[in-house]
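The values are calculated or read from the model by the stated rules, or taken from the named source; none is laboratory data. Predicted model, so just to flag it, every value in this text is computed and none were measured. Virtual Cβ from ideal backbone geometry, glycine too; neighbours counted across all protein chains shown.
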Amino acid sequence: MDVPAVIGKAHEIQNTEAKFDDAALDLSIATVSSTVLRDLLKSFCETIPGVKEKTIEHLVVAKNEVPPLPELDSKGESDEESDENEDTDKPTTALAQQPSGKRPRYSQCQRCNKEFDHSKNTRTSCMYHSEEAYADHDSELFEDNEDFFGPEEANNDPSYKEEYPEYFIFECCGDNYRENPDGCKTGWHREAAPAKKKRYF
């Protein structure tokens with residue numbers, strides 16, 4: 001075998017191995033725990049030049065890049081009903097408490113339960129239901145299965161909503177969970193309150 005053929009074969013083997021490495025890496029990222037990924041990212045930020053700066057660019061945002069959110073009324077709906085150009089809009093308490101003018105870029109929305117980018121949040125970013133979906137007491141589902149389960153049991157077990165979505169009605173709009181699972185209202189994403197850590201002492 002001549003030299004060019006040997007070199008070509010070596011490149012082919014390298015390309016094949018690289019494809020296997022890429023596939024294995026994709027699978028590893030998809031299956032590894034979030035704790036391991038966080039620990040790896042922290043380690044890379046501390047040890048590899050440029051990684052910390054790039055991570056900050058993607059995961060941290062300056063407060064002045066985050067649009068201020070209107071305060072909510074007792075029903076939690078004043079931001080959708082108020083004039084978009086009102087001067088009374090104020091940042092949420094969570095944003096105001098962030099130190100040094102920076103905050104995490106992403107949060108979980110308490111309305112739609114989706115992750116969102118604070119810098120791209122608008123008054124039409126979130127679609128949500130303002131009331132929960134509850135089992136319809138008068139539906140044929142419970143008439144046909146009254147010996148096995150009733151509305152109260154169905155409301156307390158999320159699996160029933162997934163299996164019988166057409167029998168769960170949203171109180172805010174009257175739609176059922178199959179027809180309209182996403183929402184009947186639009187508004188700003190609202191940051192969910194962080195979970196309190198348990199104290200063991």
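Taking residues in segment 161-184 that are under 20 Å from CYS109 (Cβ atoms), and partners anywhere that are of a type in the set (S, T, N, Q) and surrounded by 15 or more Cβ atoms within 10 Å (Cβ to Cβ), the pairs with Cβ atoms closer than 8 Å and at least 6 places apart or on different chains are PHE170/ASN176; PHE170/ASN180; CYS172/SER130; CYS173/ASN180; CYS184/SER130. Only one of the listed residues (ASP39, ASP21, ASP73, ASP89) is surrounded by 10 or more Cβ atoms within 10 Å (Cβ to Cβ), more than 23 Å from CYS109 (Cβ to Cβ), at pLDDT below 90 and acidic (Asp, Glu). That residue is ASP21. You will find that of SER34, SER78, SER28, the residue that is out of contact with any Cys (no Cβ under 8 Å at 6 or more places or on another chain), among the polar types (S, T, N, Q), at pLDDT 85 or above and surrounded by 11 or more Cβ atoms within 10 Å (Cβ to Cβ) is SER28 and no other. Looking across segment 157-175, the residues that are of a type outside the set (A, V, I, L, M, F, W, C) and either touching a Lys or Arg at 6+ places or on another chain (Cβ under 7 Å) or in a helix (DSSP H, G or I) (or both) come down to PRO158, SER159, TYR160, LYS161, GLU162, GLU163, PRO165, GLU166, TYR167.
In segment 45-69, which residue that is of a type in the set (A, V, I, L, M, F, W, C) and under 22 Å from the mean Cα position of the chain (by Cα) is farthest from ARG103 (Cα to Cα)? By that ranking, first place goes to LEU69. Within segment 42-70, the set of residues being at pLDDT 90 or above, of a type in the set (A, V, I, L, M) and not in a helix (DSSP H, G or I) comprises ILE48, VAL60, VAL61, ALA62, VAL66.
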